[in-house]
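The values are calculated or read from the model by the stated rules, or taken from the named source; none is laboratory data. All values derive from a computational prediction rather than experimental measurement. Cβ atoms come from the backbone with ideal geometry, glycine included; neighbour counts cover every protein chain shown.
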Amino acid sequence: MISKTLHRILSIGLLIAPMGVVSRVEATSGAPSYNRDIRPILSENCFACHGPDGNARKAELRLDDPAEAAAVLAGEESAGSEVIRRILSEDPDEQMPPPGSNKSLTVEEKEIVRRWAASGAPYEQHWAFIPPQRPTPPPVYRKGWDANPIDAFILRGIRQAGLQPSPPADRATLLRRVSLDLVGLPPTPEAVTLFEADTSEDAYERVVEELLDSERYGEHMAQGWLEVARYADTDGYQNDRLRYMHVWRDWLIEALNDNMPFDQFVIEQIAGDMLPDATLRQQIATGFNRNHRINSENGAIPAEWLVENVADRVDTLGTAFLGLTVSCARCHDHKYDPISQREYYQLFAQFNNVPEWGLGPNDGNSPPFIEVPKDWPNLVPEEDRKITPEPYTLREIKGTALRPEPGSPSTVMVMEEMAEPRPTYRLNRGVYNEPDKSEVLHAAVPAVLLQAGERAPENRLALARWLVSPTHPLTARVAVNRYWQHFFGRGLVRSSENFGLQGNYPSHPELLDWLVTEFIRLDWDVKAFQRSIVMSATYRQTSVLRPRSLERDPENRYLARAPRLRLSGQQLRDQALFLSGLLMNQVGGRPVKPYMPPGLWESVSNATYEQGTGDELYRRSLYTYWRRTTPPPMMTGFNSPDRDVCMVRAAKTSSPLHALTLMNNIVFLEASRKLAERMLAESDDVEQQIVAGFHRVTARYPSRDEGDHLLATLLDIRDGMDEAAARAFLQIGECPPETEADPVELASMALLASAILNLDEVIMRD
Amino acid sequence: MSEIMPDPRINRRAFLGRSATGVGLAALSSLLSPASDARALPHAQPKARRIIYLFQSGGPAQMDLFDYKPGLQGRRGEGVPTSVYPDDRKTTMSADQSEFPVAPSKYSFQQHGESGMWLSELLPHTGKIADELCLVKSMYTEAINHDPAITFLQTGSQIPGRPSMGAWMAYGLGSENADLPAFVAMNSRGKDGGGQPLYDRLWGSGFLPAEYQGVKFRNQGDVVLDIENPPGVDRATRRRMLDLVNTINAGRYEIVGDPGIPDRIAQYEMAYRMQMSVPDLTDLSDEPESTFALYGEAARKPGTYAFNCLMARRLAERGVRFVQLFHQGWDHHGSLPRRLAEQCEDTDQASAALVLDLKQRGMLDDTLVVWGGEFGRTVYCQGKLEKDNYGRDHHPSCFSMWLAGGGIRPGMTYGETDDYSVNVTENPVHVHDLHATILHLMGIDHERLTYKYQGRDFRLTDVHGRLVRDII
């Protein structure tokens, strides 16, 4: 039953369906740029066989190295560019890439490679390996766009794409946007009204300041980092035994709320335990590298899983800080990036000196761990000192394996260096029992990332400091790109997990470098940096799509409008709890077990979910117990990563299953019930009640038409509902009703509230 | 819709526009598990249109069920030579045993069907469908512990984060049904209710978008999470609510212009239809008595293997692309003879019934049925070898599976193992080869079904996989 209006709308949808895409506008004219135009083509199509991996190299030809490629590359086809001849060839025996390789160049790609070769095939070092230089922002002649350099760069891109920037979003939309982005929750109706009325020049800036100062800020920003840090409350293999790492999670929230400078944030998490006079907090920060999965399966071989633990730390370092797929070099030289297998194991050696056993204990923390003082996080000064973890003791359980004694719930896992480093060897094919014992490898980093004259860091602390040295080409780029992704839905480098040769070229390379140098100029002040993003005119545009902008730039690469972003599962749940008044404001503590579908754990495992009660049902979603093998379905259903491995980007797609969750899940129904109570309490007039509820949820007032529809629906639902049905509905959820209202009146209003919570504009942030 | 990814479905959206104005509902099917337009799939004429994968979790003992080794009876209690079974591939559960005595199967084998396929007495019903089966005795894998082994079999990698087989299928081919997902997963447990646990990643979508993950059909509460309206809300009320939501959304679309809004409207409509189609699917009142004679009385009871087999047929009938059952409880380190017999009692009849049922309905030709676990079990006894009792540890270097229908050669036994059922001696089939072959039967070239992630074109078969032409 699709309504007439809907038919009409869908037809309009067809009319304005995007036709063209602005892409490679730059590439079709002028001199080809190696980094922007050529490298992506060569990397995608050629490097797997003619790139850095010596073992896979065909015909002894290397196209990633200018010195080796020059002889076969530069020049016109007729003048002897063998590569171009082969690329243009139609002869299946000669053609490159060869037929059957599943690789091919488009006509345009062939042409641009030809032009590049004809101009002498000038190579450039991969852009992301060159330390950023601060560019001068282009001049701006547009009111409102001339104050913030971010806008200067963005405006230039918009103009070059033949577009116009959008007008600012209306104030309510902007407030909801910035609130959801900074603290993960919508504004209250009172805040919306105040902000709309406050015409002073710094009204927005003051709101931003308030949000940045809120404790909710650290909670919200922690969410993404928990996914990067693959934080969970269980070990993640097989029986998925429990662990206790929430103290680390609370360290994270505190660090974000206290606006710890990003360089310090990195150093403490990578090597806080090795800092001179390390504090307990700095030691706890290193739990970051203990959040990986730990196997405790019966029959597992400790030596094998020791290697997996270290490999995970390397993979996480690569993805989270370097933006490189270093783990590709575990089994062979990297196919695209200049990272050899040997270098991989030099990086491996950085993390291979932890006094750990390889297997987990079967429930409880795996050594090394430390006892957390009882009054954490309130420490007296003498408590805030690093504690040396006890050496682990093993116990034998017959017929299984030797296991370490577990750490109790009052412990937290940390990093620690062994006095005698564990020798690291290159592992043939990456397999634990095939070490190449001809050479002991010492801790280092891939040479390509070292600047001229720079010494390779030789231990974890040096590694951490090297990561945040101002000339490091990657760490700051990766970080600011992830912040950009947070506020705009996609990074300036779309592949935020890969800045290597196969990663995407930045949509705005100069802006990226300006942001990086700005971040460092601000002494890695995260809040100041994020403030400059949300203060920009770019950020404050409306998200309304004009046909031309949609047609020319459907992906919104040029940001001639603000993106509409779908809220995460966590945000949707938190929003519903907040709007209904159910949300508990309490920072940190043990993970909690809110509503979960019955039998979810029990049906597939031997674990039992013991649902919490009272306040535990209404804590923010980041405190929800995270069982890696059976994560909360409403979060993973909305694309939340499962925390098995480090993830810095998740698709945000939509599915009919989302509709089922939002319509029928107990969380949203209970919230609707409580929201209805609020609506009924607003006024004695039903229309006022509806308007107040709608405004609370959407931050806007319904149009006259919408108001009519809302009221008519409410009356229809009410007329069709008997008292028994109403009472049955009102049983949903454990929070008792706090109203004297008639059951039918309350239940029908709750269903109206449920409908409002299902609106597209509520699921999205405009 | 997708704000982050470049939307590969822009054409699909235009198509949706047409369909909603009267061209037909078929295009809507792509909403729940949208096949990617960019794949140009299938690559070749498919032999199979759908798959039912009967996953036997824990590692069934191949020499007690399929891999007949009469010669072992005479070697009972002898040590398995280390030349056959090297020490470094034994798990720490048995590696420190002082001896590794041969434990011949307690069960007798008979030949079945025209091909004379040898099968254990524990599988009488499977024996009746022997001429439909291709029994592969030469499977081998790389991992020796459950988690990495089952993750490897399901996703082609021991390290988590890759899409499962079914997710690849959903991504590549989409669904044939507008109201049901392309990929459904179910599980059941053995008699003692135990068994090794399962994990969401086994039917997960890995780095593919979440809509390709298997929709888990559940044994208790709502069959599909949150499919049922809450108490007190009937279908008319739900319709009224949806009309309101859709109307306001449509109005917003006129202002905001985001093509994701018509998408969402269509998705809410589809969710509404699913609320009808799923209960219809699980309501067995339209099944004649003969169904339960075929599958066994247990098929009436949700949560049993037999029920799930019957459900698999009903899903296949409705065009679901990939149905995967997981039956737990095959991990027989001890008391194997008793526990294996119980497992077979729970599964043999229904597995065979499913194949017969598909055949009777003319669906076996284009439905591929696969039966098998994540690895095999050791020929040596784990623990003490007793007269009627023994246990077996994990064993990756050979195990048995069977396939039927969907273009598989029927009545065939493929591959050989040595006298001890330890190593493959003829026609080895690696897990990647199995994946390549399954994809091929679905019309997919395993080297061409790729997804770019972290700058690399990933595939189910990694950089390996060889089509096993002999069995198709």
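For the stretch B:373-388, does any single residue satisfy the condition of being free of Cβ contacts under 8 Å to residues at least 40 places away in the same chain and over 28 Å from B:E78 (Cα atoms)? There is no residue in the stretch B:373-388 that is free of Cβ contacts under 8 Å to residues at least 40 places away in the same chain and over 28 Å from B:E78 (Cα atoms). Among the residues of the stretch A:734-765, those that are crowded, with 21+ Cβ neighbours inside 10 Å, over 19 Å from A:L714 (Cβ atoms) and more than 7 Å from chain B (Cβ to nearest Cβ) comprise A:I763, A:M764, A:R765.
Table: residues versus (1) more than 8 Å from chain A (Cβ to nearest Cβ); (2) modelled with pLDDT under 90; (3) touching a strand residue (DSSP E or B) at 6+ places or on another chain (Cβ under 9 Å).
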{"site": "B:Q154", "(1), (2), (3)": "yes, no, yes"}
{"site": "B:D179", "(1), (2), (3)": "yes, yes, no"}
{"site": "B:A182", "(1), (2), (3)": "yes, no, yes"}
{"site": "B:K191", "(1), (2), (3)": "yes, yes, no"}
{"site": "B:G194", "(1), (2), (3)": "no, yes, no"}
{"site": "B:L198", "(1), (2), (3)": "no, no, yes"}
{"site": "B:R201", "(1), (2), (3)": "no, no, no"}
{"site": "B:G204", "(1), (2), (3)": "no, no, no"}
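Beta carbons closer than 9 Å, at least 6 apart along the sequence or on distinct chains, pair a first residue in the stretch B:240-252 that is more than 7 Å from chain A (Cβ to nearest Cβ) with a second that is among the polar types (S, T, N, Q) and outside any helix (DSSP H, G or I) for B:L242/A:N758. The set of residues in the stretch B:83-98 that are over 17 Å from B:P396 (Cβ atoms) and without any contact (Cβ under 8 Å) to a residue 40 or more places away in the chain comprises B:S83, B:D96, B:S98.
Report yes if B:T247 is polar (S, T, N, Q), touching a Leu at 6+ places or on another chain (Cβ under 9 Å), within 25 Å of B:V184 (Cα to Cα) and in a helix (DSSP H, G or I), otherwise no. Walk me through how you get there before you give the answer.
Working: polar (S, T, N, Q): yes; touching a Leu at 6+ places or on another chain (Cβ under 9 Å): yes; within 25 Å of B:V184 (Cα to Cα): no; in a helix (DSSP H, G or I): yes.
Answer is no for this residue.
Here's the yes/no breakdown for (1) away from chain A (no Cβ under 14 Å); (2) outside any helix (DSSP H, G or I); (3) out of contact with any strand residue (DSSP E or B) (no Cβ under 6 Å at 6 or more places or on another chain):
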position	(1), (2), (3)
B:R264	no, no, yes
B:T291	yes, no, yes
B:P302	no, yes, yes
B:V320	yes, yes, no
B:G329	no, yes, yes
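Within the stretch A:688-705, is there a residue that is surrounded by fewer than 19 Cβ atoms within 10 Å (Cβ to Cβ), among the polar types (S, T, N, Q), over 30 Å from A:L559 (Cβ atoms) and in contact with an Asp or Glu (Cβ under 7 Å, 6 or more places away or on another chain)? Yes; the residues of the stretch A:688-705 include at least one that is surrounded by fewer than 19 Cβ atoms within 10 Å (Cβ to Cβ), among the polar types (S, T, N, Q), over 30 Å from A:L559 (Cβ atoms) and in contact with an Asp or Glu (Cβ under 7 Å, 6 or more places away or on another chain).
From the list B:R39, B:R18, the lone residue that is within 14 Å of chain A (Cβ to nearest Cβ), modelled with pLDDT under 50 and surrounded by fewer than 22 Cβ atoms within 10 Å (Cβ to Cβ) is B:R18. Take the conditions (1) within 30 Å of A:R142 (Cβ to Cβ); (2) surrounded by 20 or more Cβ atoms within 10 Å (Cβ to Cβ); (3) away from every other protein chain (no Cβ under 14 Å); A:A562 misses just one of them, which is (3). Please go through the stretch A:529-548 and give me each residue that is assigned to a helix (DSSP H, G or I), more than 9 Å from every other protein chain (Cβ to nearest Cβ) and under 20 Å from A:R159 (Cβ atoms), ordered by number. Residue satisfying the conditions is A:R548 alone. Scanning the stretch B:214-243 for residues that are basic (K, R), within 17 Å of A:H658 (Cβ to Cβ) and touching a strand residue (DSSP E or B) at 6+ places or on another chain (Cβ under 9 Å) yields a single hit, B:K216. Restricting to the stretch A:642-662, and then to whatever is more than 18 Å from A:M245 (Cα to Cα) and not aliphatic (A, V, I, L, M), can you tell me which residue is modelled with the highest pLDDT? Per the criteria, the residue is A:T661. Looking across the stretch A:706-720, the residues that are at the interface with another protein chain (Cβ under 7 Å from one of its Cβ atoms), farther than 25 Å from A:P189 by Cα and buried (at least 16 other Cβ atoms within 10 Å of the Cβ) come down to A:D716, A:I717. Only residues that are of a type outside the set (S, T, Y) and either in a helix (DSSP H, G or I) or closer than 20 Å to B:R239 by Cα (or both) were counted in the stretch A:708-742, giving 22.
From the list B:D348, B:D365, B:D388, B:D357, exactly one residue is charged (D, E, K, R) and in a loop (DSSP other than H, G, I, E, B). Which is it?
Numbers: B:D348 fails: in a loop (DSSP other than H, G, I, E, B); B:D365 fails: in a loop (DSSP other than H, G, I, E, B); B:D357 fails: in a loop (DSSP other than H, G, I, E, B).
Testing whether each residue is charged (D, E, K, R) and in a loop (DSSP other than H, G, I, E, B) leaves just B:D388.
Could you tell me whether any residue of the stretch B:273-284 is more than 7 Å from chain A (Cβ to nearest Cβ), surrounded by fewer than 20 Cβ atoms within 10 Å (Cβ to Cβ) and assigned to a loop (DSSP other than H, G, I, E, B)?
Within the stretch B:273-284, the subset more than 7 Å from chain A (Cβ to nearest Cβ) is B:273, B:275-284.
Checking the rest, the ones that are also surrounded by fewer than 20 Cβ atoms within 10 Å (Cβ to Cβ) come to B:273, B:276-277, B:279-280, B:282-284.
Still in the list and also assigned to a loop (DSSP other than H, G, I, E, B): B:283.
Checked the stretch B:273-284: at least one residue is more than 7 Å from chain A (Cβ to nearest Cβ), surrounded by fewer than 20 Cβ atoms within 10 Å (Cβ to Cβ) and assigned to a loop (DSSP other than H, G, I, E, B).
Which residues, taken from the stretch A:325-352, are in a helix (DSSP H, G or I) and among the β-branched types (V, I, T)? Residue satisfying the conditions is A:V326 alone. In the set (1) of a type outside the set (F, W, Y); (2) surrounded by fewer than 22 Cβ atoms within 10 Å (Cβ to Cβ); (3) within 14 Å of another protein chain (Cβ to nearest Cβ); (4) under 30 Å from A:D65 (Cα atoms), A:S340 fails one condition alone, (3). Checked against (1) crowded, with 20+ Cβ neighbours inside 10 Å; (2) over 19 Å from A:T286 (Cβ atoms); (3) modelled with pLDDT of 95 or more, A:I370 passes all but a single condition, namely (2).
Taking the stretch B:415-472 and the strands (runs of 3 or more DSSP E) fully enclosed by it, the elements with 2 or more residues that are among the β-branched types (V, I, T) and more than 14 Å from chain A (Cβ to nearest Cβ) are at B:424-426.
Across the stretch A:476-512, the number of residues qualifying as part of a helix (DSSP H, G or I) and within 14 Å of chain B (Cβ to nearest Cβ) comes to 8.
So, A:R62, is that one buried (at least 17 other Cβ atoms within 10 Å of the Cβ) and not β-branched (V, I, T) or not? Break it down into steps so the answer makes sense when it comes.
Numbers: buried (at least 17 other Cβ atoms within 10 Å of the Cβ): yes; not β-branched (V, I, T): yes.
So A:R62 fits the description; yes.
Among the candidates A:E196, A:E210, A:E201, A:E190, which residue alone is in a loop (DSSP other than H, G, I, E, B), at negative phi, free of Cβ contacts under 8 Å to residues at least 40 places away in the same chain and of a type outside the set (S, T, Y)?
Numbers: A:E196 fails: in a loop (DSSP other than H, G, I, E, B); A:E210 fails: in a loop (DSSP other than H, G, I, E, B); A:E190 fails: in a loop (DSSP other than H, G, I, E, B).
Just one listed residue meets the conditions, A:E201.
Condition check: of a type in the set (K, R) and assigned to a helix (DSSP H, G or I). Does A:K674 satisfy that? So A:K674 fits the description; yes.
Applying the criterion of being surrounded by fewer than 18 Cβ atoms within 10 Å (Cβ to Cβ) and of a type in the set (A, V, I, L, M) to the residues of the stretch B:80-108, the residue that is nearest to the other protein chains (Cβ to nearest Cβ) is B:A95.
Kindly provide the set of residues from the stretch A:151-187 that are hydrophobic (A, V, I, L, M, F, W, C) and assigned to a loop (DSSP other than H, G, I, E, B), ordered by number. The answer is A:A161, A:L163, A:A169, A:V183, A:L185.
If you go through the stretch A:606-635 and pick out every residue that is more than 18 Å from A:A576 (Cβ to Cβ), facing chain B (nearest Cβ under 9 Å) and buried (at least 21 other Cβ atoms within 10 Å of the Cβ), you end up with 4.
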